1. For a quick protection proxy, order the peptides 118-126, 169-177 by their average other-Cβ count within 10 Å, most packed first.
2. For the chain, what does -39500 (n - 2.57) per DSSP helix run (n ≥ 4), summed and divided by total residues, give at 222 nm, in deg cm²/dmol to the nearest 500?
3. State the extension gain, in nm to one decimal, for the chain segment bounded by residue 182 and residue 13, taking 0.36 nm per residue of separation less the distance between their alpha-carbons.
4. Work out Dmax and Rg for the chain from the C-alpha atoms and quote the Rg first, both in angstrom.
5. Work out how much length residue 2 to residue 24 would gain on full extension: take 0.36 nm times their residue separation and subtract the Cα-Cα distance, in nm to one decimal.
Ligand SMILES: Nc1ncnc2c1ncn2[C@@H]1O[C@H](COP(=O)(O)OP(=O)(O)OP(=O)(O)O)[C@@H](O)[C@H]1O
Ligand SMILES: [Mg+2]
């Protein structure tokens, strides 16, 4: 089953200057597959990931997710229910605890606060002892793990991960990538990953490289 399909997606940023980022990006991703997107800094990997994850609009082309065409009107609801995002800069809420951060997608979906569920999510990333620490007191590796647990909160079909090991030392990068791949395998999720790390990319079923606006 094809879970995500992109046809001839184009993207240009118009402010502060005209910058053509993506030209005619086409891609089909099957459910349960893992995909790596590599490429030099500034090539547009984060932009592409945000477009595929419905966080960023595109100029032309088609995007189908879960068999339905992308619609701006319903995107946020769909995203919250079906998509998990691990951001390049984590995007944790600094004054909220690790537990509150992992439960944020549930809160956005107006589900009642569920501490037990939060602790279960934190136990997946081995962070129960930090449950009640505000995010600002966590180390880089711990933040990354909170961001992974948060992405799993609403049990999404597709996980998007932007440089999930990019900010970590080698040992922590290994821990985080093992964790991510174990979680993806055990729960049969689709993973779309952006990385500079060739070892991490090699663990994915398919690899693409983004260069001069094209995916090869
Ligand atoms: N909102 C925006 N408006 C204008 N230009 C932007 C905007 N967002 C990104 N860009 C530009 O688009 C280019 C691609 O950015 P993007 O963050 O997608 O790159 P990347 O491949 O993820 O890089 P890195 O590996 O460093 O994370 C960059 O040159 C950036 O300056
Ligand atoms: Mg990036």
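Read-outs: derived from the displayed coordinates by stated rules, not from any lab. Being a predicted model, the structure only gives us computed values, none of them experimental. Using ideal geometry, Cβ is built from the backbone for each residue, glycine included, and neighbour counts are taken over all protein chains shown.
1. 118-126, 169-177
2. -9000 deg cm²/dmol
3. Values: separation 169, 0.36 × 169 = 60.84 nm, distance 3.65 nm.
Answer, rounded to one decimal: 57.2 nm.
4. When restricted to the Cα atoms of the chain, Rg and Dmax are 16.9, 48 Å.
5. 6.0 nm
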